[in-house]
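Written below as structure tokens is the structure these notes are about.
The values are calculated or read from the model by the stated rules, or taken from the named source; none is laboratory data. Since the structure is predicted, the reported quantities are computational estimates derived from the model, not experimental observations. Every residue, glycine as well, gets a Cβ built from its backbone with ideal geometry; the counts of neighbours run over all protein chains shown. Ligands, DNA and RNA are excluded from the accessible area calculation, which covers all protein heavy atoms including side chains. Shrake-Rupley method; radii C 1.70, N 1.55, O 1.52, S 1.80 Å.
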Amino acid sequence: MSVWLPTSPCTPEACAGHEGDTASVPRAVLRLAAAVALILLGILGAPPVRLLPAGPRHTVVRAWSTALVRAFGIRITVHGSPGPGGGRLLVANHISWLDIPLVAAVLPCRMLAKSDIRAWPVLGRLAGWAGTLFIERDRIRALPATIGTITGALLAGDRVTVFPEGSTWCGRAQGTFRRAAFQAALDARVPVQPLRLTYLCRDGNPAGAPAFVGDDPLTASLWRIARARGVRAEVRLLPRIPPGRYAHRRDLAAAAQRAVGGARAATPAPDLLPGVPAQPATPSATDRDSANRPAASVHHWVSSSPAAASSLRTPS
């Protein structure tokens, strides 16, 4: 793993315990069976669904994603309105692999995911059919091409979701938003839609079971979530940041982080997560302008679109 990759101090031992009610083993097995059935249904149905017009396709994706989250016994609560359609960059805090179907249950979109997922059995193929954009996280030189791909999707009117922390956190604390993906919103001149994702227990405290952090195996995460009871997923659609409000991706990323973090944005991580060290403040290589400024050729093809703005004209 490259040293510049974002990391989180959260660990399964410190963060992923479930203190609420637990489901019986038979119920947990039924939940997993239902989830597997839905995934297989998604694989079989993905090719024909891709041929549907955008409206019906989004309806099907929303229904399937909602059913997948509910299969694990998790209720979904949504606050806010998605607003008008059109291309936009959705940015959210990252807690779990559940974040992906959770966001899709509210706003069907194209996800930005690490390229490793493409090689996952079954799920990798499903992600590809869903239009996922893959990023090679350990190859910094591939970053300009990824930003160009995101920009093209936004200009085509797609919604693209990214998790700018670059790693999962447990939800009690938050990582720094990396700036690179925000360049695509500046280049395409589209709004940025911040989303705040929260998993809560019945008593309103953060739920640990959904957290997929550190070296947590996927199988352990699946079983932990299937055994948990009374977990509620909350999605807050925060006010959009309109294009043109910020000229620099640094300021745009900071504004989005403040919106997503809310009251937590000004609170040091150690106070929120006792015993877990705070994330170092030193910016990663992807935050340094010299590392992730797209080359001239990356966005040159965009100049033919009246909505486009070359990254060379955007201060960075």
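Taking the range 94-117 as the search range and keeping residues that are among the β-branched types (Val, Ile, Thr) and in a helix (DSSP H, G or I), which one is nearest to ALA256 (Cα to Cα)? By that ranking, first place goes to VAL103. Within the range 216-235, being basic (Lys, Arg) and closer than 16 Å to LEU102 by Cα holds for one residue alone: ARG232. Considering the range 154-163, and only residues there that are surrounded by fewer than 24 Cβ atoms within 10 Å (Cβ to Cβ) and touching a strand residue (DSSP E or B) at 6+ places or on another chain (Cβ under 6 Å), the residue that is farthest from GLY214 (Cα to Cα) turns out to be ASP158.
Taking the conditions (1) at pLDDT 90 or above; (2) touching a helix residue (DSSP H, G or I) at 6+ places or on another chain (Cβ under 9 Å); (3) in a loop (DSSP other than H, G, I, E, B) in turn, ARG172 satisfies each one other than (1).
Contact map, the range 67-86: first residue in contact (Cβ under 8 Å) with a residue 24 or more places away in the chain, second residue of a type in the set (S, T, N, Q) and open to solvent by 40 Å² or more (accessible area, probe 1.4 Å), Cβ cut-off under 8 Å, separation 6 or more or different chains; pairs are ILE76/THR66.
Just one of (1) under 27 Å from PRO47 (Cβ atoms); (2) modelled with pLDDT of 85 or more; (3) in contact with a Leu (Cβ under 9 Å, 6 or more places away or on another chain) fails for SER96. It is (1).
Screening LEU52 on (1) free of Cβ contacts under 8 Å to residues at least 12 places away in the same chain; (2) in a helix (DSSP H, G or I) shows it passes everything except condition (2). Here is a check on your reading of the model: is THR314 surrounded by fewer than 19 Cβ atoms within 10 Å (Cβ to Cβ), β-branched (Val, Ile, Thr), closer than 24 Å to THR11 by Cα and at pLDDT below 95? When the stated conditions are applied, THR314 does not pass them. Here THR59 fits the description: within 21 Å of VAL160 (Cβ to Cβ) and out of contact with any helix residue (DSSP H, G or I) (no Cβ under 6 Å at 6 or more places or on another chain).
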